[in-house]
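The values are calculated or read from the model by the stated rules, or taken from the named source; none is laboratory data. The structure displayed is predicted, hence computed values, not measured ones. Heads up, the Cβs are rebuilt from the backbone with ideal geometry, glycines too, and the neighbour counts pull from every protein chain shown. Heavy atoms of the whole protein, side chains included, go into the accessibility calculation; ligands, DNA and RNA do not. Shrake-Rupley method; radii C 1.70, N 1.55, O 1.52, S 1.80 Å.
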Amino acid sequence: MKHFSDPVAAGVVHGFEGVEPATEYGTDRERTSFGHWVERGFAAIVVLMLLPLMSSIALVSILGGQKPIFFQKRVGQYGRDFCIFKFRTIPDGGWQLAELKATHSRVARIRLGLFGKISAILRATGLDELPQFVNIMRGDMRLIGPRPLMREDFMALPEARAARCAVPPGITGLAQVNGGQDLDPASKLALDIYFIDHASFAMTAEIVARTFCRLTGITIAISSTNQCDLAKAMQNLSSKAPRREINQRQEIASAA
């Protein structure tokens with residue numbers, strides 16, 4: 001397993017930067033807690049129930065000439081790398097290369113067109129994330145938490161990034177129901193840290209409900225709720241800045 005090479009990221013493992021697991025999500029006992037095993041059991045039930053759908057998606061991807069499952073290393077809890085599972089929505093090597101290969105073959109063009117249709121559906125509905133229930137079964141992820149990032153994307157976040165590794169990553173989270181990809185990295189980080197600091201059953205239930213509404217296309221008046229969540233998250237992140245500065249000065253003094 002890789003760990004972080006810079007002092008901020010390394011603090012996730014060693015306790016530097018004030019990364020303290022303040023909720024039941026963030027302790028070393030978390031992987032063996034009753035709640036975590038319940039969530040892993042729920043994930044297993046979901047996989048069994050959706051197995052026909054997932055098998056159909058995989059079959060269509062294979063007919064489209066692509067391997068159905070995409071594997072990629074992401075940053076997990078305490079900065080440990082893990083392998084995330086997703087349904088493939090981009091051809092191996094990218095669309096440009098796939099289209100070039102299909103230029104002189106009518107069958108290849110038809111297969112690529114089929115894959116293009118299924119990949120568009122997967123991205124629009126979020127069904128490409130379904131294999132991550134297997135990650136929950138393995139203990140790599142939970143249902144609710146910060147989205148797992150690639151190492152280079154994680155290292156590009158502001159310095160407070162270490163705090164988001166105090167809990168396991170999730171399939172959905174507070175940032176996802178408040179705009180997701182429409183948010184800038186700093187806003188997503190603030191929302192992730194706010195969830196870590198204030199996680200509760202009520203907040204988790206609200207995130208699940210809002211995720212369901214997004215997936216099913218149900219429109220609800222949540223713009224004001226989004227603004228409120230983001231405002232509280234940014235205030236929460238700002239309040240942590242003095243503490244991070246104190247920790248940094250202590251680290252510098254001890255190293256001198």
Considering region 80-92, residues that are over 16 Å from L122 (Cβ atoms) and open to solvent by 30 Å² or more (accessible area, probe 1.4 Å), and then whichever is farthest from the chain's Cα centre (by Cα), we arrive at R80
Selection over region 45-69 where residues are touching a residue at least 40 places away in the same chain (Cβ under 8 Å), open to solvent by 30 Å² or more (accessible area, probe 1.4 Å) and under 16 Å from N135 (Cα atoms) yields a count of 2
Those residues of region 151-173 that are open to solvent by 10 Å² or more (accessible area, probe 1.4 Å) and under 19 Å from V208 (Cβ atoms) come to a total of 2
*Is there a residue in region 114-130 that is free of Cβ contacts under 8 Å to residues at least 40 places away in the same chain, closer than 10 Å to G64 by Cα and hydrophobic (A, V, I, L, M, F, W, C)?*
no
Screening R151, R106, R123, R111 for residues that are out of contact with any Asp or Glu (no Cβ under 8 Å at 6 or more places or on another chain), among the basic types (K, R) and within 30 Å of I193 (Cα to Cα) leaves only R123
By residue number, the members of region 93-107 that are farther than 15 Å from S61 by Cβ, among the hydrophobic types (A, V, I, L, M, F, W, C) and either open to solvent by 100 Å² or more (accessible area, probe 1.4 Å) or part of a helix (DSSP H, G or I) (or both) are L97, L100, V107
Flagged pairs (Cβ under 7 angstrom, 6 or more apart or on separate chains; first in region 93-110, touching a residue at least 12 places away in the same chain (Cβ under 8 Å); second in a helix (DSSP H, G or I) and open to solvent by 40 Å² or more (accessible area, probe 1.4 Å)) are A108/K101
Suppose the filter is out of contact with any helix residue (DSSP H, G or I) (no Cβ under 6 Å at 6 or more places or on another chain), modelled with pLDDT of 90 or more, open to solvent by less than 10 Å² (accessible area, probe 1.4 Å) and assigned to a loop (DSSP other than H, G, I, E, B); does P148 pass it? yes
Considering region 132-145, residues that are buried (at least 18 other Cβ atoms within 10 Å of the Cβ) and out of contact with any helix residue (DSSP H, G or I) (no Cβ under 7 Å at 6 or more places or on another chain), and then whichever is farthest from R214 (Cα to Cα), we arrive at D140
Per the filter on region 157-206, residues part of a helix (DSSP H, G or I) and of a type in the set (D, E, K, R) are E159, R161, R164, D182, K188, D192, D197, E206
- Would it be correct to say that Q77 is surrounded by 20 or more Cβ atoms within 10 Å (Cβ to Cβ) and within 17 Å of the chain's Cα centre (by Cα)? yes
